[in-house]
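So the structure is just underneath, and the comments pick up after that.
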Amino acid sequence: MVGPTPDELGIAGYAHIVNACCRGVWCAESPVVRPSFDPNNPDTYHVEQWLGQGAFGTVSIVTAENGTRVMAVKMASSGKEAALRNEVDVLNKLGIHRNIVTLFGMLEPTSAWEPVRFFMEYVGGGTIAALAQSLAGVSEEEARAIIRQLLYGLEHIHAQKVIHRDIKGANILISPTGCVKIADLGISRIHIGDAKSFAGSGPYIAPEVYTGSRYDSKIDLWSVGGVIVEILHGTHPWAGIPAMSLCLKVSRFEFPKPDKVSPTLENLFSKVFCAPNDRHSATMLLGHPWLTTSAA
Ligand SMILES: Nc1ncnc2c1ncn2[C@@H]1O[C@H](COP(=O)(O)OP(=O)(O)O)[C@@H](O)[C@H]1O
Ligand SMILES: [Mg+2]
C-alpha cells in the first residue's frame, strides 16, 4: 500500500512526479491528517522499511491503523540526539504548512539505549536531489515549479524566525503528486539575528558563514541558488571542486554558474549569489520574473 519507494521509482516515476509538479496537481491535495497512533505504544505502529540515512539519523517507513496509514520515523544516530530534539522543537514551532514536512509525534526514550525518534508524514517521491540526479537534470520550467514551492516553505520558516541552515536537494522531499516539502531541520536555529556559528553542507553554504560573520535567514537564499544549480545539472553545485578551493571561491562571492541559462534566471542568480544586504528574501524572490512568468 506504500506504493513504489523512492529507490524503486526509476526515471519514468520521477518524470511523472515532475510533470505533476508543473501541472500543480499538488495544489488539490488535502491537508495531511495525523494517523491514529501512540508514539509511546509500539503496538499501535509497525516499522516496515529503511528509507534513508543522513548525518543525524536513520529514516524508515512506518505503518499505523492496521497497516492502512503510512508515515516516516527518524531515529537519532548515536550522539545526535540533541539535533533530533532541536528538529522536533522547530517542527512544533512551525506548525502545519504544506511545503514543510508535518510532525506527528515524538517518542521519549525510557532507557539510555533507546534512540530518540520522531514520527512525521511520509513523502513518497524521495528527495529532489535523487530526482534531479535520476533525470540527469531538469529544465528551467521544471526547476521553477519546484523552487516556487521551496520558497513558499522557506517564507513560512523565516516568518517564524527560524533559519534552516541546511537547504540542499537531499533535504527537500517531493510527494508523488509533486508537492515539495522541506525536511531535515536538525541544525535549524530559532531566533534570527545573533547567529554566527559554522553550519551547513559545503557546496550550499553562503559566504558570510564561511567567513565567520554574523548571519541571518538570507543564508538560506544563497543555498536556494545552489539548489537551482543542482537540479538543473543533476549533480550538487561545485561538483568536482575540492573543499578548500570551494571555500575560497565562495568567500569571494563566486558562485557555481551553470553554462547556459535564460537571462531571467541569470538575473535571479545575481539576486541570491551576492552580499547578504543585497540578497533577496524568499518573499522578494517569489515576485521575481523567473518565478512569476510561465516561460523561461
Ligand atoms: N518524511 C520523509 N519521507 C520520506 N523520506 C524521508 C523523510 N524524511 C527523510 N527521508 C529520507 O531520509 C534521508 C535522511 O533524512 P534527513 O532528515 O535528511 O536526515 P539527516 O538529518 O540525518 O540528514 C533523506 O535524505 C530522505 O531520503
Ligand atoms: Mg539530511
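Nothing in this text is a laboratory measurement; each read-out follows from the coordinates by a stated rule. The structure presented is a predicted model; accordingly, all values stated were derived computationally and were not measured. Reconstructed Cβ throughout: ideal geometry from the backbone, glycine too, with neighbour counts over all protein chains shown.
Quick notes
- Calculated P(r) tail over 23 Å for the chain, as whole % of Cα pairs: 54
- Gain in span if fully extended, SER197 to LYS260, counting 0.36 nm per residue against the direct Cα distance: 19.2 nm
- Note on THR293/PHE253: beta-carbon distance plugged into 1/(1 + (r/R0)^6) with R0 of 25 Å gives a FRET efficiency of 0.40.
- Residue range of the chain that is longest and free of trypsin sites (Lys or Arg not before Pro) which are both DSSP loop and sparsely packed (at most 14 other C-beta within 10 Å): 24-160
- Rounded to 0.05, the FRET efficiency of the THR58 and GLU141 pair, given R0 = 30 Å and the Cβ-Cβ distance, is 0.30.
- Sequence-separation-based contact order of the chain, relative, with Cα cut under 8 Å and 6+ spacing, percent: 17
- Extended-chain gain in nm, criterion 0.36 nm per residue less alpha-carbon gap, GLN160 and ASP278: 40.3 nm
- Distance-filtered residues of the range 152-168 - backbone nitrogen under 20 Å, label point 7 angstrom along ARG214 Cα→Cβ: 158-165
- 10 Å-binned pair-distance histogram of the range 128-292 (Cα, whole percent): 11, 44, 38, 7, 0
- Note on ALA82/ASN19: beta-carbon distance plugged into 1/(1 + (r/R0)^6) with R0 of 41 Å gives a FRET efficiency of 0.55.
- Of all the options CYS27, CYS247, CYS179, the one that moves most in a Gaussian network model of the chain with Cα springs shorter than 10 angstrom is CYS27.
- Degrees between helix 218-233 axis and first principal axis of the chain (Cα, 0 to 90, nearest 10): 90
- 0 to 90° range, to nearest 10: angle between helix 81-94 axis and the chain longest Cα axis: 80
- Given charges at beta-carbon only (K, R positive; D, E negative), |dipole| of the chain in Debye: 720
- GNM remark for the chain: springs join alpha carbons under 10 Å apart, and the peak mean-square fluctuation among THR211, THR264, THR68 falls on THR68.
- Kirkwood analysis of the Cα pair distances in the range 29-121 returns a hydrodynamic radius of 13.6 Å.
- Checked against a 30 Å cut-off, the cross-linked pairs LYS161/LYS181; LYS74/LYS260; LYS80/LYS161 give Cα-Cα distances beyond that limit for LYS74/LYS260.
- Degrees between helix 10-22 axis and first principal axis of the chain (Cα, 0 to 90, nearest 10): 70
- Equivalent ellipsoid, the range 110-170 (semi-axes from 5 times Cα gyration tensor eigenvalues, Å): 28, 19, 10
- Value at 222 nm in deg cm²/dmol, rounded to 500, when DSSP H runs of n ≥ 4 in the chain each add -39,500 (n - 2.57): -10000 deg cm²/dmol
- Residue order, fewest to most beta carbons within 10 Å, for TRP113, TRP290: TRP113, TRP290
- A full extension of the chain between SER30 and GLU65 corresponds to an added length of 10.7 nm, given 0.36 nm per residue minus the alpha carbon distance.
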